[in-house]
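Input: a single structure, listed below in structure tokens.
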Amino acid sequence: MILVINILDDAAHLDALRERIALLEWRDGRETAGSVARKVKRNLQGAMDSVPGRALQDELSRLIGDHPVLKAAAQPRRFSPLLISKTGVGGHYGAHVDNALMGRGAQRLRTDLSFTLFLTPPGEYEGGELVIHTAGMTQELKGEAGNLVLYPSGSIHEVKPVTRGERIVCVGWIESLVADEAQREMLFDLENLRTALRQKLPSQSAELLTLDKTIANLLRMWVRP
Ligand code: NI
């Protein structure tokens, strides 16, 4: 499942974040790529270990991690540290697969889901589409600023070359409580169904209680603590 979620729809907040991001120090993106991905990655990454970088990390992590749709779709156990990437003219990120495991020691996580939060309005650059190859299908995404694309980490994906302007995105990874993608999708569908039914039925209705029971029992079956 590939999902687009509007994380940040407040234009003034977005502009303020973009101004702070523009002031970050930038480093070669190859430093944070695996050995294969390093050969095809041509972009810059904001220094997240600086004081302004850490403040951005905290704020963006909250915006993303607290979003109810993202939580329902991803069932997150934990998030990787975020990266902010800048791709100028000629920059790109060729077809690659994300590492299955990221981080070390207690920070190590299994990447189940990847996400890209678009921060530059699509009219400000050309190219730079995120292309995701899933079984038998290719999807090209160029999100509005503030939109986040959530997709399975197990897919081959790439970022097409930027041919005008500059593309800034925030990317990260999620280890899910539910490792299986099909199971996550069923839970997400049931959660959406429950939200819709709550508008129509009293919360103590037999139908909603049965749905509550089913969702809870599926979580008991599928969540790996
Ligand atoms: Ni990737």
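So the values come out like this:
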read-out	value
Degrees separating the helix 51-65 axis from the principal Cα axis of the chain, which is the longest one	30 degrees
Over 16 Å [Cα-Cα, the stretch 111-225], rounded percent	69 percent
Candidate aspartates and glutamates for bridging to K213, where Cα separation is under 17 Å - those fewer than 8 sequence places away on the same chain excluded	D189, E191
Equivalent ellipsoid dimensions for the stretch 1-65 as semi-axes, Å, which come from the Cα gyration tensor, largest first	24, 18, 11
Percent RCO, i.e. relative contact order, over the stretch 3-176, from Cα pairs under 8 Å lying at least 6 residues apart	29 percent
log₁₀ of I(q)/I(0) at q = 0.16, 0.21 Å⁻¹ - the stretch 1-126, Debye sum with one point per alpha carbon	-0.96, -1.69
Theoretical gain in end-to-end length, L193 to E126 [0.36 nm per residue, Cα-Cα removed]	20.3 nm
Extension gain (nm, one decimal) between E144 and V89, 0.36 nm per residue minus Cα-Cα	17.9 nm
Relative exposure of K86, K160, judged by other C-beta atoms within 10 Å (fewest first)	K160, K86
Neighbour-count order for V131, V178, fewest beta carbons within 10 angstrom listed first	V131, V178
Sorted by Cβ density within 10 Å, fewest first, the residues V162, V69	V69, V162
Computed label-point distance, nm, for sites A16 and S203 using a 7 Å Cα→Cβ extension	3.2 nm
Over 20 Å (Cα to Cα) - which of K39/K86; K41/K142; K71/K160; K86/K160; K41/K160 fall in this group	K71/K160
Convex hull volume of the chain per residue (C-alpha atoms, cubic angstrom)	141 Å³
Mean shadow area of the stretch 181-222 over all directions, Cα convex hull, nm²	2.7 nm²
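Just so you know, all these numbers are worked out from the coordinates, no wet-lab data involved. Please read these numbers as outputs of a predicted model, since none were measured by experiment. Positions of Cβ are backbone-derived with ideal geometry, glycine not excepted, and every protein chain shown enters the neighbour counts.
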